[in-house]
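These notes concern the structure reproduced below.
Read-outs: derived from the displayed coordinates by stated rules, not from any lab. All of these numbers come straight from a predicted model, not from anything done at the bench. Because the Cβ atoms are built from the backbone with ideal geometry, glycine has one as well, and the counts that use them run over all protein chains shown.
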Amino acid sequence: MSTLADPTRVADPTTDAFVVHRNPSPVPDAVRAEALVAPRFGQVFTDHMARVTWTAGQGWHDHRVDPYGPLAMDPATAVLHYAQEIFEGLKAYRHADGGVWTFRPWANAARLRRSAERLALPVLPEGDFLGSLQALVREDVAWVPDGEETSLYLRPFMYASEKFLGVRASQEVEYLVIASPVGPYFAGGLQPVSIWVAQDHHRAGPGGTGAAKCGGNYAASLLPQQEAYARGFDQVCFLDATTNSQVEELGGMNVVVVLADGTVVTPPVSGSILEGVTRASILRLLADRGHEVQERPVPLTELVAGLADGSVSEVFACGTAAVVSPIGRLAGEGFDHAVHGGEPGPVTLHVRERLTDVQYGRAQDTYGWMYRLA
Ligand SMILES: Cc1ncc(COP(=O)(O)O)c(C=O)c1O
């Protein structure tokens with residue numbers, strides 16, 4: 001089973017290195033309170049942003065927390081032309097005692113490092129990654145909502161900021177973290193999603209950037225996603241680019257299949273899918289619950305046949321934003337199947353509850369997955 005970085009190897013956060021320039025006109029308390037009642041994903045942002053600058057000559061420097069606001073950019077800034085950009089996504093959860101924690105941030109730090117290496121961007125030290133989250137959340141702690149299944153979504157990102165049109169790695173880079181309060185992904189209860197399997201577009205190919213969390217991968221997923229919407233589906237599932245026959249992942253979530261005998265099957269981290277933190281955590285939880293876990297190629301024909309003959313009992317998608325999304329319908333050219341009668345299955349529901357209980361501090365963190373931010 002794939003493993004993510006071990007918590008015992010966490011670097012010390014460099015939180016104190018972040019010089020705070022406090023926002024002189026923060027959102028008024030009453031307006032913020034209103035925004036926290038039913039926050040929608042990625043629409044409202046907090047009062048500050050963490051920031052570190054890199055230049056080829058100086059390395060990482062100028063750690064700071066600035067007022068949230070627009071970035072001034074020269075039209076020739078490299079990222080606008082060649083998309084040398086990477087990002088991360090994780091959440092800060094408020095626990096019942098008021099403390100604010102995040103989930104396995106060292107795994108996100110390690111993935112940011114791998115993404116940086118693939119996109120020829122400089123590697124941000126793990127301590128600066130943790131420090132940037134902590135410095136921002138401490139400043140904007142009032143923005144961490146406390147309603148059920150609410151959280152503060154943290155979006156670290158890094159981009160080529162050099163003003164230069166030559167095609168080469170940028171000599172100047174900015175790293176920032178912004179934060180946005182988010183509500184339950186499924187307002188009004190867990191809703192199974194319908195999935196269209198794209199057979200004529202791919203998200204990533206061998207040797208490409210599929211394993212990196214870079215903006216270009218998401219740009220490539222938008223047209224097939226739009227086509228899936230136009231057909232009346234919620235999300236698109238991608239197949240491998242070489243054989244067009246193996247299930248890879250959704251545009252923003254990994255896929256897990258539960259067989260009728262309880263075996264859990266998911267596509268391997270092959271180089272063209274994103275290694276999800278949620279995926280790895282779920283595989284651990286299910287293995288420890290006694291499920292056989294197989295990370296192996298999942299042929300679309302096997303999945304479709306399994307749905308038809310009942311040997312596949314549940315399929316779900318997983319990722320930071322929705323945690324676990326039951327898949328209620330899977331269709332593509334020539335097939336259309338309900339999954340678990342269009343209802344969330346028991347393994348899906350169990351693992352979702354188990355994981356969110358740890359994240360929100362309702363269950364003991366026996367794996368050492370949680371990291372205190374404030
Ligand atoms: C393409 C893709 N796959 C999988 C995931 C799930 O990753 P994680 O569980 O780390 O959020 C995401 C979300 O970040 C994603 O964008």
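General remarks:
- For Arg372, Arg279, order by how many other beta-carbon atoms lie within 10 Å, fewest first: Arg372, Arg279
- Longest to shortest principal axis, alpha-carbon extents of region 7-184, angstrom: 49, 40, 28
- Between Asp146 and Ala187, the C-beta separation translates, for a Förster distance of 22 Å, into a calculated FRET efficiency of about 0.85.
- Extreme residue, positive dipole direction of the chain, given options Ala56, Ala204, Val269 (C-beta unit charges): Ala56
- Remark: relative contact order (region 1-97) = 26 percent; criterion is Cα-Cα distance under 8 angstrom and separation of 6 or more residues.
- Interatomic Cα distance distribution for the chain, bins of 10 angstrom, percent: 5, 23, 32, 26, 12, 2, 0
- The calculated P(r) of region 31-118, using every Cα pair and 10 Å bins from 0, goes 11, 31, 40, 15, 2 in percent.
- Test item: Cα-centred dipole of region 7-184, Lys/Arg +1 and Asp/Glu -1 on Cβ, debye: 480
- Stretch gain in nm, segment Thr243-Arg138, where the contour uses 0.36 nm per residue and the Cα spacing is subtracted: 33.0 nm
- Residues in region 164-181 that a label on Glu117 would reach, taking backbone N under 15 Å of a point 7 Å out along Cα→Cβ: none
- When the inverse distances between all different Cα atoms of region 193-359 are averaged and flipped, the Kirkwood radius reads 15.8 angstrom.
- Note that region 198-210 has calculated 3J(HN,Hα) couplings of 7, 10, 10, 9, 10, 8, 7, x, x, x, x, 10, x Hz, one per residue in order, obtained from phi through the Karplus relation 6.51 cos²θ - 1.76 cosθ + 1.60 (θ = phi - 60°); glycine and proline are x.
- For region 113-181: relative contact order, % (alpha-carbon pairs under 8 angstrom, 6 or more apart): 32
- Between Ala219 and Glu34, the distance separating the two model label sites (each 7 Å from Cα on the Cα→Cβ line) works out to 3.7 nm.
- Compactness index (Cα Rg / 2.2 N^0.38 Å), region 133-197: 1.69
- For Ile273, Ile327, the sequence from fewest to most other C-beta atoms within 10 Å is Ile273, Ile327.
- For region 158-246, the calculated P(r) over all alpha carbon pairs, in 10 Å bins from 0 to the bin holding the longest distance, is 13, 29, 32, 22, 4 percent.
- Footprinting exposure proxy ranking of Cys214, Cys318, fewest other C-beta atoms within 10 angstrom first, gives Cys214, Cys318.
- Placing R0 at 35 angstrom, the Cβ-Cβ distance between Asp309 and Ala363 gives a FRET efficiency of 0.45 after rounding to 0.05.
- Helical content alone sets the calculated 222 nm signal of the chain at -7500 deg cm²/dmol, taking -39,500 (n - 2.57) per DSSP H segment of four or more residues and averaging over every residue.
- Residue of Leu190, Leu154, Leu36 that the Gaussian network model of the chain assigns the largest fluctuation, springs spanning Cα pairs under 10 Å: Leu190
- Contact order relative to length of the chain, as percent, for alpha carbon pairs under 8 angstrom and 6 or more apart: 19
- Farthest toward the positive end of the dipole of region 7-184, out of Val141, Leu130, Gly98, is the Cα of Leu130, where the dipole comes from beta carbon charges about the Cα centre.
- Amide H to amide H, with H built 1.01 Å from N, Ala363 comes under 5 Å of Val358, counting only residues 5 or more places away or on other chains.
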